[in-house]
1. Out of Ser209, Ser194, I need the residue that is out of contact with any strand residue (DSSP E or B) (no Cβ under 7 Å at 6 or more places or on another chain) and at pLDDT 90 or above. Which one?
2. Considering only residues that are of a type in the set (S, T, N, Q) and surrounded by fewer than 22 Cβ atoms within 10 Å (Cβ to Cβ), look in segment 339-370 and name the one that is nearest to the chain's Cα centre (by Cα).
3. Hey, can you tell me all the residues within segment 311-334 that are surrounded by fewer than 15 Cβ atoms within 10 Å (Cβ to Cβ) and under 13 Å from Arg356 (Cβ atoms)?
4. Being at pLDDT 90 or above and acidic (Asp, Glu) narrows it down to one residue among Glu95, Glu112; which is it?
5. Sort out which residues of segment 371-385 are out of contact with any Asp or Glu (no Cβ under 9 Å at 6 or more places or on another chain), surrounded by 13 or more Cβ atoms within 10 Å (Cβ to Cβ) and either of a type in the set (Lys, Arg) or not assigned by TED's automatic domain parsing to the domain that holds Ala358 (or both), and write them in order of number.
6. Does Ala146 qualify as being within 26 Å of Asn244 (Cβ to Cβ), hydrophobic (A, V, I, L, M, F, W, C) and in contact with a strand residue (DSSP E or B) (Cβ under 7 Å, 6 or more places away or on another chain)?
7. Within segment 188-196, identify whether any single residue is of a type in the set (Val, Ile, Thr) and touching an Asp or Glu at 6+ places or on another chain (Cβ under 9 Å), and answer yes or no.
8. Can we say Ile57 is over 33 Å from the mean Cα position of the chain (by Cα) and among the β-branched types (Val, Ile, Thr)?
Amino acid sequence: MFTSKSHDEGADIVGFPSNSSKYVIVQCKHTRSASIGSKGIEDLIHACQFYDTPRGIFATNAKLGKQAKKRLQEVKNQFQFLEWDFNYLSKLDDELSDYSAARKTPYPFQEEAINEVLNSFESGNNRSLVMFATGLGKSIVLAEVAHEYAVNKNKNVLLLADKINLIEQLESSIWSQLPSSIDTRLWDGKRTPSSFDGITIATQQSVSSALNRGETIPEFGLVMVDECHHALSPTFREVLADLNPPKLLGVTATPWRGDEIQISELFGEPVATMGIVEGIERGFLSNVNYRMFADNIDWNVIADNSQNHMTIKDLNSRLFIPSRDEELATKIIQEWNLNDRPQTITFCKGIDHAKRMAELLSAMGMSSRAIHSRNMPQAVKAKHLMDFKSGAYSNLIGVDILNEGIDVPDVEMIVFARVTHSRRIFIQQLGRGLRIHPGKEDVVVLDFVADIRRISAGIRMNNERNQYRSAEIYRGPSSDMIQFEGVEHGQFVESFLADAADLDENDRIRLDFIQPI
């Protein structure tokens, strides 16, 4: 994991070797001086103490100075440090193959999408769109299309995303598919490339700021946009219009937007698509054991208010009786124990609720930590994620931050703890548990429903699964992907709401109720 930014506690790279229970910390120092002082060693010591490991590597383009060597001697009995200077790094570089040993061969459906994009461009189209569900390898498509333009066509490539943490993960996710001769570089608020040769991974905000300052940006032969549903915002659209790339590729797992703007307006009709249900049925995503718990519904609301044309917000506030956290925790612990205590991701709506659930579940034996983006130092977030991936604790509780850009393939349980979300965020969060992994048979999903749109989304996914069901590819235990806790809950939307298919993210939409016969 790369953590190189402010508040990283001295760790530029945190690695977790498969043959060890201790992290390896890498501290990188680049200097124009002939030697490195002791500060870099102090940073490495601090990082190792923060991550509770004695193992560290000091990588530098220069030799260690006297003070640095002296400090290494002083701590040699406490830490196991290696020094990688310019000569050693150069030797490593000479011994490396042109391509990474981790280079992946695309699955047939990914290869088909890559070819469709390239063929579309070759036939004269300047826009292309791929819609793959989370876990189906959008980064492979991006990497292989970038490879075609950067390597075979010798064109500069720009890969855009909406958040800093996304561009960092994007860069690392495409490395394995690229030769060592192709440079990649990050462009965000604190890092501006000195050259744009090769592939530049940038936030759209950084490009927008540069354009607004009147800076000259070189022409890119290809511009790609990850999670391209974000590109329909006014600022993002202005950036793409100013860049005016000869070729534009967008990829997304969640094309829906609350403002009802169609993503095809900007990227054209998709050349390749595969949703969650199709991915599950064809074996490219983990099978799902999904249960919606909607037993806190006040059914009297329907009889009393069906003539009042309530909004979604009105219905949610009157229909669902808030569950106590202790009740949720008890159910979560029961299911966690029944399923052999799997690694779990839990989603909460707010930070206070996440912290409260972490304390409650930990006290009940399910070690949990909350992670969020508000004033949480980067190093703390990185350590929580690394500890979770290594199995140091069982349950990672997230507030929005886990929706995009996090890859934890061995997660076998997802919990929606009293959350209300849009369909797009719902699909993103569900996708955190869908990646296939050796030894993983399925993912258990516990959804404590508190939103009429969630029930509607469940019915929609069940209907979609029934469309794909066939003797050749069906893998699930029943015809429905999502099981409701009580038959009446599964029939609720279809029984009472006439416009169920039109439910969207707008809280103000007024609902039409089916009149009883």
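The values are calculated or read from the model by the stated rules, or taken from the named source; none is laboratory data. Everything quoted here is computed from the prediction, not taken from an experiment. Cβ sites come from the backbone with ideal geometry, for glycine too, and all protein chains shown count toward neighbours.
1. Exactly one of Ser209, Ser194 is out of contact with any strand residue (DSSP E or B) (no Cβ under 7 Å at 6 or more places or on another chain) and at pLDDT 90 or above, namely Ser209.
2. Gln343
3. Within segment 311-334, Arg324, Glu326 meet the criteria.
4. Glu112
5. Lys381
6. It is true that Ala146 is within 26 Å of Asn244 (Cβ to Cβ), hydrophobic (A, V, I, L, M, F, W, C) and in contact with a strand residue (DSSP E or B) (Cβ under 7 Å, 6 or more places away or on another chain).
7. no
8. no
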